[in-house]
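Below is one structure, written out as structure tokens; comments come after it.
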Amino acid sequence: MSVVIVGAGALGMLYGGLLAAAGVQVVFWTRTSGQAELLRKQGLMIESADGGAATTISPDKFAARSLEERGMTLGGDPEWVFLTVKQRHIDDKLLDAVRNLMGTETKIVAFQNGVGHIDKLRQVFPGLRVYAAITTEGAKRTSPRTVVRAGLGETKIGIPKGPAMHEADHSDVELDSEAEKSGESLIMLLAKAGFPAFLSNDIDKDIYRKLLINAVINPLTALLRIPNGELLAAKQREELMLMLCREGELVYRTYGIPYDPDMFEVIASVCRSTSGNLSSMLKDVLEGAPTEIDYINGRLVEMARAANVQIPVHETVWRLVRALPLSGDIKL
Ligand SMILES: NC(=O)C1=CN([C@@H]2O[C@H](COP(=O)(O)OP(=O)(O)OC[C@H]3O[C@@H](n4cnc5c(N)ncnc54)[C@H](OP(=O)(O)O)[C@@H]3O)[C@@H](O)[C@H]2O)C=CC1
Ligand SMILES: CC(C)(CO)C(=O)C(=O)O
């Protein structure tokens, strides 16, 4: 079994590193030749947030190439391509490069938060099975060859339905037997590498559940510059969370997208279980990097507008996060 990791960032190094350590044939595909070279020379390291022993993966356990070295052959016909770049990185150039990697039996697994990417991948690769992975792993890249794993999360894998997920029928649909067989082999592979992983028959529900969790926690933590747990530490913050949650539920009801009856409690419990974490959006803001707001709150706003539904709090946080200065932009 071979796995190509497109994007050796936090998630890419975590999954690729532990798969390689478990003996799976892994090829990392980085953006820059500098990172690929560093990985080839020094290997990579996965540290644990609680100070436990780090896992070192030596360079003989994997291969690393870069987009800049596009001419180089990666060899073979990979069984899986894990797409672990951010949503905004999925552009025509990247998709062209991914196309060159695909063999006849290759399947893609997309790990992005938010929505939009699956439809894009389906348009570019018609007829190809695109799996979505929804994970509660928390990974942070601390150097081009080091990643910190916040704790053991769950990874759910499934094939989203319909070309546009929010227009899809959300009744339970069984995966066809071939897709199920492939999905199960991937789950076993991930389990071998130490990831608690499950096959989902309704990954759309998981995608939209995560979307609402992110659409409440991420913009508020990014705007208020606080760790996730601090959202519950003041009534005013909880009120904002509740408004975002209720507006999101309104959109979901409008489109017939199922959500947990106690969605607010689900979100609050994520704040508690990740209380010390900085959300990915806050990390992006602190690093001066573009955020994934367009693919999270932006998508909800788009859906609401298309259905003539008002979600003013999402609209406001979406605009505010988009308007945040990139670090260093403003000197006071
Ligand atoms: N980190 C986490 O814990 C979780 C992340 N996710 C989702 O997973 C996705 C990835 O997140 P994360 O790993 O944190 O992000 P990172 O920013 O750490 O990693 C993204 C990686 O993609 C690389 N990249 C960008 N463009 C290209 C390209 N053209 N070719 C090859 N590689 C490229 C970047 O390279 P470079 O740095 O050189 O630009 C970087 O290494 C996001 O959508 C996020 O929402 C979901 C759940 C948890
Ligand atoms: C669940 C949460 C909010 C954890 O930090 C997350 O997925 C993120 O930060 O993007």
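The values are calculated or read from the model by the stated rules, or taken from the named source; none is laboratory data. The model shown is predicted, which means the values in this text are computed figures rather than measured ones. Cβ coordinates were reconstructed from backbone atoms using ideal geometry, including for glycine residues, and neighbour counts include every protein chain displayed. Heads up: the accessible areas ignore ligands, DNA and RNA and are worked out on the full protein's heavy atoms, side chains in. Shrake-Rupley method; radii C 1.70, N 1.55, O 1.52, S 1.80 Å.
Numbers at a glance
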quantity	calculated
Separation in nanometres of the label points that stand 7 Å from Cα toward Cβ, at Leu67 and Glu287	1.5 nm
Beta bridges per DSSP with both ends in the chain, % antiparallel, nearest 5	30 percent
The chain: most fluctuating residue of Asp119, Asp96, Asp284 per GNM, C-alpha cutoff 10 Å	Asp96
Computed helical MRE - 222 nm, the chain, DSSP H runs ≥ 4 contributing -39500 (n - 2.57), nearest 500	-13500 deg cm²/dmol
His89, His117, reordered so the largest accessible area comes first (probe 1.4 Å)	His89, His117
Rough spin-label spacing in nm, given labels placed 7 Å along Cα→Cβ, for Gln236 and Asp119	3.7 nm
Accessible surface of Thr84 - all protein chains present, 1.4 Å probe, nearest 10 Å²	20 Å²
Residue-level accessible surface for Arg225, protein heavy atoms, 1.4 Å, Å²	130 Å²
Solvent exposure, largest accessible area first (probe 1.4 Å, DNA, RNA and ligands not counted), of Trp318, Trp80	Trp318, Trp80
Sites Glu184 and Leu128 - FRET efficiency at Förster radius 25 Å, r taken between beta-carbons, to 0.05	0.85
Only Lys, Arg (+1) and Asp, Glu (-1) charged, at Cβ; the chain dipole about Cα centre in debye	1000 debye
DSSP beta bridge pairing in region 13-105, given as percent antiparallel to the nearest 5	40 percent
Environment charge at Tyr131 (Cβ cut-off 11 Å; Lys +1, Arg +1, Asp -1, Glu -1)	+3
Extension gain from Ala307 to Thr104, taking 0.36 nm per residue of separation minus the Cα-Cα distance	69.1 nm
Cβ-Cβ FRET estimate between Ser273 and Arg225, R0 fixed at 22 Å, reported to 0.05	0.60
Fully extended contour minus Cα-Cα distance, from Met1 to Lys41, at 0.36 nm per residue	12.0 nm
Extension gain (nm, one decimal) between Ser33 and Arg322, 0.36 nm per residue minus Cα-Cα	101.0 nm
Point-to-point label distance, Leu95-Thr146, nm (Cα→Cβ direction, 7 Å offset)	3.7 nm
